[in-house]
Each structure stands twice: as structure tokens, then as C-alpha cells.
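Below: the structure, in C-alpha cells.
The values are calculated or read from the model by the stated rules, or taken from the named source; none is laboratory data. Just so you know, these numbers come straight off a predicted model, no measurement behind them. With ideal geometry, Cβ positions are generated from the backbone for all residues, glycine too; neighbour counts draw on all protein chains shown. Protein only, heavy atoms only, side chains kept; ligands, DNA and RNA dropped before computing areas. Shrake-Rupley method; radii C 1.70, N 1.55, O 1.52, S 1.80 Å.
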Amino acid sequence: VLEQFLREGRISALMWEVCQQQAQAGSPELHEALLNKIVCLPDHVSNKLQGKNPPVFFPQNYFPLLGGAIIQVLQKISDSLRGGLDCSISFVSHILGKVCVHGRQKEILSILVPRLIDLTKSDCIWQRICWRLVECVPDRWMEAVVLGFVQRTPGADVLSRLLGNLVVKNKKAQFVVTQKLLLLQYGHTTAVLQNLLGYLSLDGLRRALLIKVLQELLETWGSSSAVKHSPPEQQQYISKAILICLSHLKEPEIETCRQELLTSMMEGVKCHLDSNLPQIRRLGMIVAESISSKINTDGPVLKFQVKVIMKFMPDAAVPLVLESNKKSHTAAPVTPDEESDAELDSDDDLIPYDMSEDKELKTKAPVYIRDCIEVLTGSEDVDKWEATVKALEGLVRKNPAATKEVSVELAKILLHLEEKTCIEGFVELRQRAQVAVLTTDPIPVAKYLTSQFYSLNYSLRQRMDILDVLVLAAQELSYPKSHGKTKHSGAQKPCIQLLPGSDSSKDWRRIVDERIKSKTRRFATGQSQVELVSSPNEFSSVAGHFFFPLIQHFDRPLTTFDLLGEDHFVLGRLVHSLAVLMYLAVNTVAVTAMGKVLLEFVWALRFHTDSYVRQGLLSCISSMLLSVPTERLLEDMTEELLETQSWLGDVVEKDPDGDCRRLALQNLLLMENLKKKL
């Protein structure tokens, strides 16, 4: 009977009857009961019939049918209004609201929205019906309905036609549009943002809300606390919203809030550039440039010298991009043929010398280490200096005995060495020479470098150079040397990326993942692997000299260096470096002592506000769990491990950074493996 009731369209007749009764003050209890039965009919029927449910009661079939019935009722309401008769729309609004809040927006609005778009195109009565339909939705269901309309409407002008001035009339709708969808949520698409902000810009009454929204977005964007504690995805979402708002601003509106925009830009760009995450710094530069181009139409605009500044948000603010393109294409392109004739003079009549047989004079590089030191410290001959920089690594590796005599002096010179002339790959050449010196004479050079890391009068760049050299040298020492022509093509060395401003942990984390996989037992037959030639781990005897001095003084601020304060980027690099050193110290004598100290270090910094530092700390835990022997972990660090496990659980649930959550989960799985070994 119910199936026949639905197929013959009686549900629309039922709703229409309630609408007429409401206009004459019908029974509210009956209306509430009917509302529940209509919206929850698929659930009621499936609970009774279990697996024998007719297809018409499946939600994917029932709710589109209900959407069609709503259109029929609205048609009758439209005819009544034209005939001068009263009727109420609130029952239909209640059904729409309850269906949407039950999570069936897609099914019902896929029918409703396209029909309403057609019906409201040129009919003012249908427009009023549509506005009333949404306005009469109770506050508790308003968010679901508004979000459904915003997501399924093909443009801001159409959304404006369907919703009217809903955000001005209804406080709940205003909160949803101006606060919840922009500042409290960040999973919506760029199209949703364009619909939302375009809708606010299309009416004089709503434009005041657009300005207010922009001010609140800029306040969040410029908050150092928000930049530190909110995930990068949310900051990207807010940045997109700001760019779209800017594209809708008119000149008089910019004039009234020019100073406010400038202040927000200065505050926001500072806290974004202070971040350790490259994508956050790029976001800051993009938004600051956009604000600057909007407020300084006549004067100079802010420009950051970066090669690729905008790859991440296509379509976020098309009007802004188009506007800037128009400005940049106004100047006519200059071709080589149009170069000034002033450069051409009578010298062109002179016949050039034939230089085809000439050979470039190459400066001979020094062949002794002490000669290299003299050239690097005192020589004014630029060519000789360049040849020395290029040859130094090879000389150091060929002459270990001579290098050991002057190793610390050479390490000092290389640490302070600055580029005298433009050499391609100077930074890499210097770094490779430093690594060669350190691997040739590890203990005294490591003592020197680690002591200098916490010394006065070094730049942050030099301190990070020290960390990079220590890590690369440790990596080289811990891997077996190639003998003769044997090539270890199968073993891939973990490499840590050392570009400034990049996440230095991602490449070596892959190696950690591989180590985890290698500890998983798999039973299968396959091609037998050729064993590599083994040799002593040279890092084993010197690991402590690399590790312990670095971890000693992290909490002692110097006048020019404060790791726990504003120099948190170097702290992040230090933490990642310690994680790599711990990982490379597997099977060494000092590994247990290193693990204990590292765990204390992590515990002291575990609530650090910077996500890059927290990622490094979690990587330290991974390295410790993989490198310290299981029996030592369980006997010497039981209590600390239990506390760490509790903290990792909190990180998995509450940390705003996705990488931190992933690393914490990985550590919990490693700990689970330890438990199984008990």
C-alpha cells in the first residue's frame, strides 16, 4: 500500500494538505509526526522488512522522488498566490531542512536546485517562493540547507537569485556563511568559496558583510598563533578566500580600508615568513603581493624575488590574475631587431683577429694540502683560488696523512670560506671538501665543528652548514666502502636534502620506512639476493663525538643565537640531524646511551609550537626505536616508553599537522611490534 502511495504521487497531495492546514492553524503535533514519518520512511520500512525492502524505499530512489513531490507542492503554492489565496510553505521547509541534516542533501537537491534555477529565471513570484522556502528552515537545520545550495549552484549570480538576502534576514544563515564556512571549516572547494564570496558581493546590503568577512580573514591570516597552530590546508583555504575577496573589492571600498589592509599585510607577511614550512612562506608572499597590488595602484608594489611563487591555487582569484596580466602586457615586446642603432659605430669596419687556434690558459691547482691552505687564506690570484676550491676534495681524500696534520685548521678555513668569484656549485664544492676532511680525521674535526655550533658570532647559515656536514660525513662513515670495481648498486644510501628552506627529513624518512618493512617477516620464494661485500662501520667508534656535543647546550641562549626562541628553524634542522645520527648509529657501542639522551631531549621539547620541530622530534623517536636493541629499550627505558606511548596517542588524535599525526602513528606501530617481542 505504501509503495502504491508513493508511485501515485500521493506524498505531494499529503504535503499540500498540511500546507493548507497550516495556513488555517492546524494541529502542530500531527504536523511533527507527519514530518518524522515522511523524512524517515526509508529507515522505518527497512527496519521492518530487513532484507526484503522494495527498491522504491531505497534512500537513493526515495529522496529524489520526495524532491519531485516538493516541486509539485511549490507549483500549487505558486498557483494559489497568483489566485490570491493564502497558504504556508513552512512544512515544506521543515522537510527540506530535516532531509538535509540527515545527510541526504545530494539526493534531494540534485532534483530541487536545477528545477528552481529554471523556474526563478524570469518569474518574481517563484523567486519569492524560493527565498521563503530557505528562510523558513529552522535554525538547527539551516547550515545543512545553505551548504547544500552553495555546493550545487553553478555560480554566484544563480545563488543570489535562489537565496536572496537570506544572510541579512537570518542570523543563523549569516553565521554559517560569514563564519563557519570560511573560518571554522576548510575542506570546501575553490568553487564553493567563489560562490559564497561572489554571493556576498552582488548586493549593496550584503557588501558590508563582504568587507567584514575580509577583515576577519585578514585578522586570522595575520595571527602568529593561527599560523603556528592551524594546519597548512586551512591556511591555504583562508589565503584563497582573501584573494577572492580582494578581487571583488571596488576602488571606494579599498580607499576606506587602505590603511587597515596595509597593517594586516605587514603583520601577516612577517608571521608567514617566520614559519619553517616552505608552503606557508609562499602563501604569505602570494597574499602580501596581491594586497599590495590592490592598495598601491599608482606607486610601487611589493615583489618577492622567488622563481615560482604560485603553483598551488589555480582559479582562486581569476579576476585578480586577469587584471595583473592586462597590466603586464601593456608594454610592447622588444625584439632583438629593434635594438638601438646607437650601439653600432665605425668600429665595425675593423677586421677581427682569427682566435680559432687559441687555447684557454688553465691555472694549475696546488698539489699539497698546505699549499691549498695558503691559497685559500692569503692568495689574491682568483684563478688559483678557484682551481684550489675545485681540487681540494680530491686532494684531501688522496692524502689522508697530510690532511690529519692540519685537519682542524682546514675545517676552520672551510667553515668561514666565502665565494671570492662566481664558481658554479661553490656551496656543494665547499661542503664536499668539509665532508672529506671530517671523514678523514673524524674525532678532532667533529669536536671542533660541534663546539662551533654553539659559539658566538656565527650566522644561522653557518650553523646549518655544520649540521649538514656532520650528517653527510656520518652517512659516509656508516656505509661500507667500495673495494676494487665492486659497485653497490642494490644498496641505496639514505640521503638528506640540504636545500635551504626545504623539508630535510622526507628523503631519509623513506629509508626509515624501508627499515620498518625489512623488519616485517614475509614467507615467499623468490630470486636470491647477492650479498654485498661487508666492511667495518667506521661511524661506530666516533658516533658519540658527533652526537653528544650537539645535544648538550640546546637550552642555553647566546646573545646572537636562541634555539628555543626565535631561531626555531635551526632547532628544527638540529632535531632532524639528531634523528639521522641516531638512525645511523645502529649496532654501535654508544647507541643505548644516545637513545636515552635523545628521549629526554624529545620529552623536553614535545609541546613545541612549530610543526617542523615536532616532525623532527617524532622522527627522533622512530630512529631510537629502530636503532636501540629491543632488550635495552625494554629493560632501561620501560617507564619513559610508556609515557612516550601516551603522548604519541595524543599527537595522533590532536596534532593539527598531518605529517606529525602520520609519524606518531608509525611510532605507535613500532611500539606495538616491541610489545609482541616481550
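The table below gives the values:
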item: Identity of the residue in segment 393-418, in contact with a Pro (Cβ under 8 Å, 6 or more places away or on another chain) and closer than 17 Å to Thr450 by Cβ, that ends up most open to solvent (accessible area, probe 1.4 Å); result: Val408
item: Unique residue being in a helix (DSSP H, G or I), open to solvent by less than 70 Å² (accessible area, probe 1.4 Å) and under 15 Å from Gly616 (Cβ atoms) when the list is Leu674, Leu663; result: Leu663
item: Members of segment 193-205 that are open to solvent by 10 Å² or more (accessible area, probe 1.4 Å) and either in a helix (DSSP H, G or I) or within 13 Å of Gln179 (Cα to Cα) (or both); result: Gln194, Asn195, Ser201, Gly204, Leu205
item: Per-region count, segment 161-202, residues closer than 14 Å to Gly148 by Cα and among the polar types (S, T, N, Q); result: 2
item: Helices (runs of 4 or more DSSP H) (entirely within segment 72-163) containing at least 2 residues that are outside the structural domain of Lys180 (by the TED database) and surrounded by fewer than 18 Cβ atoms within 10 Å (Cβ to Cβ); result: 105-119, 124-135, 139-152
item: Only one of Ser646, Ser611, Ser627, Ser622 that is in contact (Cβ under 8 Å) with a residue 12 or more places away in the chain and either open to solvent by 50 Å² or more (accessible area, probe 1.4 Å) or closer than 23 Å to Asp274 by Cβ (or both); result: Ser611
item: Number of positions in segment 247-276 that are of a type in the set (A, V, I, L, M) and surrounded by 22 or more Cβ atoms within 10 Å (Cβ to Cβ); result: 2
item: Residue satisfying all of: in segment 538-556; within 31 Å of the chain's Cα centre (by Cα) and surrounded by fewer than 20 Cβ atoms within 10 Å (Cβ to Cβ); modelled with the highest pLDDT among these; result: Ile551
item: Residue list for segment 42-57, restricted to those being touching a helix residue (DSSP H, G or I) at 6+ places or on another chain (Cβ under 7 Å) and not in a helix (DSSP H, G or I); result: Asn53, Pro54
item: Residue match in segment 6-26 (condition: part of a helix (DSSP H, G or I), in the same structural domain as Ile129 (by the TED database), free of Cβ contacts under 8 Å to residues at least 40 places away in the same chain and under 18 Å from Gln105 (Cα atoms)); result: no
item: Set Ala173, Ala208, Ala226: member being out of contact with any Cys (no Cβ under 8 Å at 6 or more places or on another chain), surrounded by fewer than 17 Cβ atoms within 10 Å (Cβ to Cβ) and in a helix (DSSP H, G or I); result: Ala208
item: Condition check for Glu357: modelled with pLDDT of 70 or more and of a type in the set (Asp, Glu); result: no
item: So Leu429, is it assigned to a helix (DSSP H, G or I) and closer than 28 Å to Glu566 by Cα; result: no
item: Residue match in segment 626-637 (condition: within 27 Å of the chain's Cα centre (by Cα), outside the structural domain of Asn276 (by the TED database) and at pLDDT below 90); result: no
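Yes/no matrix, rows are residues, columns are (1) β-branched (Val, Ile, Thr); (2) under 22 Å from the mean Cα position of the chain (by Cα); (3) within 29 Å of Leu163 (Cβ to Cβ):
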position: Ser201; (1), (2), (3): no, no, yes
position: Leu210; (1), (2), (3): no, no, yes
position: Leu214; (1), (2), (3): no, no, yes
position: Gly222; (1), (2), (3): no, yes, no
position: Gln234; (1), (2), (3): no, yes, yes
